[in-house]
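Enquirer: Got a structure here, written out as structure tokens. Questions coming.
The values are calculated or read from the model by the stated rules, or taken from the named source; none is laboratory data. Source: prediction; values computed, not measured. Here the Cβ positions follow ideal geometry from the backbone for every residue, glycine too, while neighbour counts run over all protein chains shown. Note: accessible area is taken over every heavy atom of the protein model, side chains too, but ligands, DNA and RNA are not part of it. Shrake-Rupley method; radii C 1.70, N 1.55, O 1.52, S 1.80 Å.
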Number of protein chains: 2
Amino acid sequence: MPIYSATMDLPVALDAMGGDRAPDAMVEGAVRAYRAGVPVMLVGDEERLHMALRTYEVELPVVHAPDVIGMDERAVEVRRRKRASIAVAADEVASGRASALVSMGHSGATMAAALFRLGRLKGVERPAIVAHVPARTGFVTLLDVGANADCRPAMLQQFAVMGSVYARVVFGHADPAVGLMSIGEEASKGNELVRATHPLLASTPGIRFHGNVEGNDLFSGAVPVIVTDGFTGNVMLKLAEGEAKMLFASMRDELRASLRGRLGGWLARPALRAVADKVDPASYGAQPLLGVGAPAFIGHGSSGARAVHSALRFAHDTATRSLVRRMAAELEGQRSDDDGDD
Amino acid sequence: MPIYSATMDLPVALDAMGGDRAPDAMVEGAVRAYRAGVPVMLVGDEERLHMALRTYEVELPVVHAPDVIGMDERAVEVRRRKRASIAVAADEVASGRASALVSMGHSGATMAAALFRLGRLKGVERPAIVAHVPARTGFVTLLDVGANADCRPAMLQQFAVMGSVYARVVFGHADPAVGLMSIGEEASKGNELVRATHPLLASTPGIRFHGNVEGNDLFSGAVPVIVTDGFTGNVMLKLAEGEAKMLFASMRDELRASLRGRLGGWLARPALRAVADKVDPASYGAQPLLGVGAPAFIGHGSSGARAVHSALRFAHDTATRSLVRRMAAELEGQRSDDDGDD
């Protein structure tokens, strides 16, 4: 399967019908991104999209797709319904007319469309979803956060290679340490999966294996890439989002309870806001799906224009930095060290 | 194996030699608890303990134990070294001279001592460690948070029964909902373990099964008992602690960066402190080990006097409320519904 090349000029294909607030928030986000210099292509019902675009007096390329996979439908529908917006958007990328795929719609359908229409990179059994977790210093690359609820050690090994390339390309780490999420630092600690994965990662060329890390290490930033199975990663990610929300809500409640608190809260607001923004998932907009043949990004169903704008900018950056090409080369290296089973 | 009865008069047995700051912080915490009305027995090197007690001019019962299991030793050592402080403390409980066991020392050794010397409750394959997670409203009972890295569905079922009794006895919930940690609300979502456990919990008498919950639900408090395997639970707990630390440290950094922030931070401090205290694990001091024949509590190795005091008070409360007796009765009920396999 080909690795699609991306240039600065190719637009990012946005599934403009996916997400709770589609198409309006999708169009608004796309217009903002376009005005900030990101080339965008809208995929969906052309009549509705042209109508929505009229408000902004902006001309964006629109590719018609009369169908849409609803949030309550099964992901595999995407294989059959070739005119669904997510399928058409993926085809635009597969055919080389767009550089990257972005959808705030049905996550499973987006994953399936990316897998079946963009293909898997050689040496990858299953793609993984990445999250950027805001740490004390910079961001931590955490994967998988939900594509694979049950993993085998070889899958975690592939995640480690992909995460390592990702941190180099996206965050500019020269030689990022890769940690294995566990419940103790010693190699003997963890569940069966982790104990079997540890020696595999220790002997994987091309990555710098740090050893086991624990839940609290996610936020120190000392280990910039952390791999885990998609069940644990998804629980971690949602927990992290929920905790930040709970803490800020509790602080608001406490501050409002006294005059001193209200005054202090007003003065402290810019600083607290800066911290809240840092941990806001809308700041990067959507999560990359690694291991497929072109950059693909999956956002929250509830995404608004701000998240859409961020996701499109991020997708464009990633495409222009040849993330997928570099990942394919690294995985190819693994395979030749590895007798190239496939 | 007998279920030990506890009365208001029986002391809590504290492994006074366990923990990074033993015995000084142990003795200080014990003295504080004693002064607040909690009967305490110190177990460890009697000479050192009497010496440490002299500072406070308080007489506490001391039971001599000349040996101690170091943090870097193997947990199974506790089976052989019968004069180690944790073993002697567990024996004091097993023989009915103390109501509950508390140790800030080697977690594995504490678990092993509790299991081998206090026995397992009928119907329990493996004990589980409980954490109280501070939620928007009240606390959530989360288990297992680390005793069992790999679980089978029947174990999660036992955790659900124990967690339900725990929330009734400790938090006064009349009929607490029990959630199964997963990565989607639908019964079909999750890893193999969760998908196999879901129907089992749905058909377990005596608990109110809510269905699946997700990471963010840990902090809403809407589902007061959440069960998961010990790997996921341990990652969650450490992540939650790490995130709170990271957020408060980031806020401190941001507030210090401007005059407005420094003033706001000073005014807001009591409110922010109240939130920080709420999420501080020292507020309940130690984690209960459920499924053994008497109340047993395992604390952080780094615990200071405040955590020790909290743990002793909490252990005493739990013992006087007959937690273990009620749990044994509930598990017995499960077994008779269940044809009583053991």
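Enquirer: Tell me whether region A:205-220 contains one or more residues that are in contact with a strand residue (DSSP E or B) (Cβ under 7 Å, 6 or more places away or on another chain), open to solvent by 60 Å² or more (accessible area, probe 1.4 Å) and farther than 30 Å from B:ARG136 by Cβ.
Expert: So far as region A:205-220 goes, yes, one or more of its residues are in contact with a strand residue (DSSP E or B) (Cβ under 7 Å, 6 or more places away or on another chain), open to solvent by 60 Å² or more (accessible area, probe 1.4 Å) and farther than 30 Å from B:ARG136 by Cβ.
Enquirer: Related question: Sort out which residues of region B:1-35 are open to solvent by 10 Å² or more (accessible area, probe 1.4 Å), modelled with pLDDT of 95 or more and assigned to a loop (DSSP other than H, G, I, E, B), and write them in order of number.
Expert: B:PRO11, B:MET17
Enquirer: Which one of the conditions (1) open to solvent by 40 Å² or more (accessible area, probe 1.4 Å); (2) in a loop (DSSP other than H, G, I, E, B) does A:ILE69 fail to meet, given that it meets all the rest?
Expert: (1)
Enquirer: Somewhere in region B:240-254, is a residue at the interface with chain A (Cβ under 7 Å from one of its Cβ atoms) and in contact with a strand residue (DSSP E or B) (Cβ under 7 Å, 6 or more places away or on another chain)?
Expert: Yes, there is a match, as at least one residue in region B:240-254 is at the interface with chain A (Cβ under 7 Å from one of its Cβ atoms) and in contact with a strand residue (DSSP E or B) (Cβ under 7 Å, 6 or more places away or on another chain).
Enquirer: Look through A:ARG117, A:ARG97 and report the one residue that is open to solvent by 10 Å² or more (accessible area, probe 1.4 Å), on the phi < 0 side of the Ramachandran plot, free of Cβ contacts under 8 Å to residues at least 40 places away in the same chain and touching a helix residue (DSSP H, G or I) at 6+ places or on another chain (Cβ under 9 Å).
Expert: Testing whether each residue is open to solvent by 10 Å² or more (accessible area, probe 1.4 Å), on the phi < 0 side of the Ramachandran plot, free of Cβ contacts under 8 Å to residues at least 40 places away in the same chain and touching a helix residue (DSSP H, G or I) at 6+ places or on another chain (Cβ under 9 Å) leaves just A:ARG117.
Enquirer: Which of the following residues is in contact (Cβ under 8 Å) with a residue 40 or more places away in the chain, more than 9 Å from chain A (Cβ to nearest Cβ) and over 29 Å from B:ALA319 (Cβ atoms): B:ALA202, B:ALA196?
Expert: Selected residue: B:ALA196, the only one of B:ALA202, B:ALA196 that is in contact (Cβ under 8 Å) with a residue 40 or more places away in the chain, more than 9 Å from chain A (Cβ to nearest Cβ) and over 29 Å from B:ALA319 (Cβ atoms).
Enquirer: Moving to a separate point now. Restricting to region B:225-235, count the residues that are at the interface with another protein chain (Cβ under 7 Å from one of its Cβ atoms) and under 15 Å from the mean Cα position of the chain (by Cα).
Expert: 1
Enquirer: Further, regarding this structure: When only residues in region A:194-204 that are of a type in the set (A, V, I, L, M) and open to solvent by 30 Å² or more (accessible area, probe 1.4 Å) count, which is farthest from A:PRO153 (Cα to Cα)?
Expert: A:ALA202
Enquirer: Another one. For region A:147-185, which positions are within 17 Å of B:THR232 (Cα to Cα), touching a strand residue (DSSP E or B) at 6+ places or on another chain (Cβ under 7 Å) and either surrounded by fewer than 21 Cβ atoms within 10 Å (Cβ to Cβ) or away from chain B (no Cβ under 14 Å) (or both)?
Expert: Hits for region A:147-185 are A:GLY184, A:GLU185.
Enquirer: Determine which single condition A:VAL235 fails, assuming it passes every other condition in (1) surrounded by 24 or more Cβ atoms within 10 Å (Cβ to Cβ); (2) modelled with pLDDT under 90.
Expert: (2)
Enquirer: Here is a further query. Just one of (1) within 14 Å of another protein chain (Cβ to nearest Cβ); (2) touching an Asp or Glu at 6+ places or on another chain (Cβ under 6 Å) trips up A:ARG273, so point out which.
Expert: Condition not satisfied by A:ARG273: (2).
Enquirer: Would it be correct to say that B:THR197 is more than 25 Å from A:GLY230 (Cβ to Cβ), in contact with a helix residue (DSSP H, G or I) (Cβ under 9 Å, 6 or more places away or on another chain) and among the polar types (S, T, N, Q)?
Expert: So B:THR197 does not fit the description; no.
Enquirer: Taking the conditions exactly as written (open to solvent by 30 Å² or more (accessible area, probe 1.4 Å), under 20 Å from A:ALA147 (Cβ atoms), among the polar types (S, T, N, Q) and in contact (Cβ under 8 Å) with a residue 40 or more places away in the chain), does A:SER107 satisfy them or not?
Expert: Judged against the criteria, A:SER107 is a match.
Condition check ((1) open to solvent by 50 Å² or more (accessible area, probe 1.4 Å); (2) modelled with pLDDT under 90; (3) within 21 Å of B:GLY108 (Cβ to Cβ)) across all residues:
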site: B:GLY261; (1), (2), (3): no, no, no
site: B:TRP266; (1), (2), (3): yes, no, no
site: B:VAL279; (1), (2), (3): no, yes, no
site: B:HIS300; (1), (2), (3): yes, yes, yes
site: B:ASP317; (1), (2), (3): yes, no, no
site: B:LEU323; (1), (2), (3): no, yes, no
